[in-house]
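Structure, as structure tokens:
The values are calculated or read from the model by the stated rules, or taken from the named source; none is laboratory data. Predicted, not measured: the structure shown is a model, and the values here were computed from it. Here the Cβ positions follow ideal geometry from the backbone for every residue, glycine too, while neighbour counts run over all protein chains shown. Side chains included, ligands, DNA and RNA excluded: accessible areas come from the protein's heavy atoms. Shrake-Rupley method; radii C 1.70, N 1.55, O 1.52, S 1.80 Å.
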Amino acid sequence: MKTAVIILPTYNESRNIKELLNRIIVVSKKIEDWIIKILVVDSSSPDGTAEIVKEMGKYNKSLHIISTEKSGLGQAYIDGFSYCMENLNPYVMFEMDADLSHNPDDIPAFLNKIQDGADFVVGSRYIKGGSIPKNWGIDRKIFSILGNLVIRFGFMKLSITEWTNGYRAIKTWLVKEHIDTLRGYTGYVFQVAFLDNAIKSGAVVKEIPVNFIDRVEGSSKIDSFEYIYQTLKYVFFHSTFIKFAIVGGVGFIIDFGISFLLIEIITTAVWLSTIISAETAIVSNFILNNKWSFKHKKISRKSGRKSFIWSFLKFNIIASGSIIIQTTAMTVTTNIFGLTYWYIYKVLIITLVIIPYSYFFYNKLVWKENG
Ligand code: GDD
Ligand code: MN
């Protein structure tokens, strides 16, 4: 039988931990195909959380505890994962809050998804059947919903609805693969960073609905400003989509610059200038995307030069497609609405049509998943 370890980070959860552990133990007795262990990672809580756990541990062999320094939620998980892998032989590790916000009754549903082949199961509050607390103030609701939307669109990974909730089941190989990278994210942003890294390494990610229950006892340790800042920074520097858009912007400048040089200064024929400038931009976009935006899916990795050239050809076809679409759309819009606001149409066409179109096809045909 395989082992699943439920990791519970705690800081001042003395009024929640006992009930939570009891409920997890009740649930785990009903689970037949897994060995369930529990690991509490307590950051030296002054309220006596650890003592309660140690007392309960005397009567329960599958309950473990480590004590760490208080240095953030992410750090607590990193310490927990390391201890777990060295001592508890896990096949799957759970992240779970210890303030009763996460319902232990969901544990079997996570394990079922793992058994169905998922590597990383996310407990989502934003799919059908999941929810955020009804009694949350409107500000907290907006904060949570908007936060997740910003991350979803920032990464252009719309299939995942939940990036922040810390109720998850993760296969050990993924933890092993990413733990060193994650050491850089000791706070709550750890959650976003881990999921992003897992996706980039080709993990099968599945969601199950969870109802997030507002904590009754104790208080949240989150520092909202720090959290928002760290998260936005993370998304900005790690989003394939944002990098892709920046590369597109650089390509535009190159295209425009060369056109200007050839047409205005060297007085080359417009058709020749356009071919040279457009193709230069395409080549530079291809190289920058391959080396930067889509770095984690490098096409040359597997089958060498042949696949590289083939990918470059496909890139050219998609890029030419975007030129044709843009030209057509510009002709149509300016014919209908007149020429006065042509630059507005151009911006709209590029942002609403060209960027999504090319991003979609580059992902589908050039920098494929696991490619
Ligand atoms: N060991 C340890 N060390 N535990 C910590 C620390 C720490 O520095 N900081 C927080 N925890 C524990 C808390 O005791 C609790 O069990 C759990 O981590 C979640 O912390 P809360 O303070 O209750 O945070 P929250 O409810 O605001 O956070 C939830 O939402 C976040 C953002 O959506 C959690 O689901 C987080 O995982 C999530 O990132
Ligand atoms: Mn909480």
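Taken together, K70, K58 contain a single residue that is within 11 Å of ligand 1 (Cβ to nearest atom), over 14 Å from I107 (Cβ atoms) and among the basic types (K, R), which is K70.
Residues in region 61-71 that are surrounded by 14 or more Cβ atoms within 10 Å (Cβ to Cβ), out of contact with any Ser or Thr (no Cβ under 7 Å at 6 or more places or on another chain) and assigned to a loop (DSSP other than H, G, I, E, B): S62 only.
Restricting attention to region 201-212, the residues that are open to solvent by less than 60 Å² (accessible area, probe 1.4 Å) and in contact with a helix residue (DSSP H, G or I) (Cβ under 7 Å, 6 or more places away or on another chain) add up to 5. Take F225 and tell me if it is over 22 Å from K141 (Cα atoms), more than 16 Å from ligand 2 (Cβ to nearest atom) and of a type outside the set (A, V, I, L, M). Spelling it out, it is not the case that F225 is over 22 Å from K141 (Cα atoms), more than 16 Å from ligand 2 (Cβ to nearest atom) and of a type outside the set (A, V, I, L, M). For A198, the test of being touching a helix residue (DSSP H, G or I) at 6+ places or on another chain (Cβ under 7 Å) and part of a loop (DSSP other than H, G, I, E, B) is failed. Every condition in (1) of a type in the set (K, R); (2) surrounded by 14 or more Cβ atoms within 10 Å (Cβ to Cβ); (3) over 26 Å from E13 (Cα atoms) holds for R215 except the one numbered (3). Scanning region 220-238 for residues that are within 11 Å of ligand 1 (Cβ to nearest atom) and among the charged types (D, E, K, R) gives K221, D223. Please verify whether F244 is within 16 Å of ligand 1 (Cβ to nearest atom), part of a helix (DSSP H, G or I) and buried (at least 20 other Cβ atoms within 10 Å of the Cβ), treating the condition exactly as stated. Judged against the criteria, F244 is not a match.
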